[in-house]
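Here's the structure we're looking at; comments come further down.
Each value in this text was obtained by applying a stated rule to the coordinates, not by laboratory testing. These figures come from a predicted structure and were not determined experimentally. Cβ placement follows ideal geometry from the backbone for every residue including glycine, while neighbour counts extend to all protein chains displayed.
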Amino acid sequence: MTTTALALALGWPREVVLAECDPAGRRILPGYLAERLDGPPGPGLLGLATALGGEDVRVEDYTIPLAEQGRAWLLHGIRDPRHAAQLARLWQPLAGLFIKAEVDVIADVGRVGSPDTPMGLLAGADLVVMVLRGTLSQVDAAQPRLDALLGALNWRVPVALCLIESGRYSAAAVSRELFGLPMLAELPHAPADANVLSDGARPRMAFRTCLLLRTAGNLGHQMRKLVEERAFHPETLPARAVPSREAR
């Protein structure tokens, strides 16, 4: 979810770029940044993709600030979903550019499992995290999508889960249903604070220290530590977590 990705970026432990790579279109410019942006947004992801192959192309040169302190930046996504076709063959080169960036990159790819999922981008990731609620409908929808994702990645990239505390199912139950994938965090269901991130609603006085941002910040530290220590690899997952060929 874009809201979770934005919360992650705002609380990330070091400089970070949030890249909107959802083929369905951007959400942060007309949402969180609707009344916070000073000046034009620039060409964003589509402009960066167009510049690929040129000399000295840097992700950072196509971003705009997300926060006043200058630690988080946004690479805004496409406005028109019809432009996704232009990016289909560019996801892998973009992944290489993200890897070479001097800052960390969080890529929001939207819902996985459809034909336009940016697999070339996911294949180059250090870690993939699926965000979902603990409801039967979301778990049911996540199963085939994760099965397709794990099959496409061939377990070469570690995949984990993040649960929004909304629904009847616990983190342990969701993990069991979704191939035993590890659950990295449980984020609170906080509609008022989430609306600030998703729709640019006016924040309350304590927004910067709210539980949602603090929990997302802890998740960011955990993700960064796992990647740095290289302690989280597909082969460390239990055998029961590997989908069988019959399941595929």
>> If I take every Cα pair under 8 Å that is 6 or more residues apart in segment 1-156, average their sequence separation and divide by the length, what percent do I get for the relative contact order?
In response: 31 percent
>> Could you work out [θ]222 nm for the chain from helices alone, using -39500 (n - 2.57) per DSSP H run of at least four and dividing by all its residues? Round to the nearest 500 deg cm²/dmol.
In response: -10500 deg cm²/dmol
> How big is segment 110-201 in terms of Cα radius of gyration and Dmax, in angstroms?
Replying inline: 13.8, 41
>> How much of the DSSP bridge set in the chain is antiparallel, in percent, rounded to the nearest 5?
In response: 10 percent
> Between segment 92-165 and segment 9-63, what is the C-alpha centre distance in whole Å?
Replying inline: 19 Å
> With θ set to phi - 60° and the Karplus curve 6.51 cos²θ - 1.76 cosθ + 1.60, what are the ³J(HN,Hα) couplings of segment 86-93 in order, to the nearest whole Hz, using x for Gly and Pro?
Replying inline: 5, 9, 3, 8, 9, 4, 5, x
>> How large is the convex hull of the C-alpha atoms of the chain per residue, in Å³?
In response: 127 Å³
> Can you give the alpha-carbon Rg of segment 28-148 over 2.2 N^0.38 Å, where N counts its residues?
Replying inline: 1.15
> Which residues in segment 20-53 place their backbone N less than 12 Å from a point set 7 Å from the Cα of Lys100 along the Cα-to-Cβ direction?
Replying inline: 52-53
> Packing-wise, with mean Cβ within 10 Å as the measure, how do 132-141, 50-59 rank, highest first?
Replying inline: 132-141, 50-59
> So, in nm, how far is label Leu52 from label Ala192 when the simple model puts each one 7 Å beyond its Cα toward the Cβ?
Replying inline: 4.4 nm
>> Through the Karplus equation 6.51 cos²θ - 1.76 cosθ + 1.60, θ set to phi - 60°, convert the phi angles of segment 162-170 into ³J(HN,Hα) values in whole Hz; use x for Gly and Pro.
In response: 9, 9, 8, 6, 8, x, 8, 9, 6
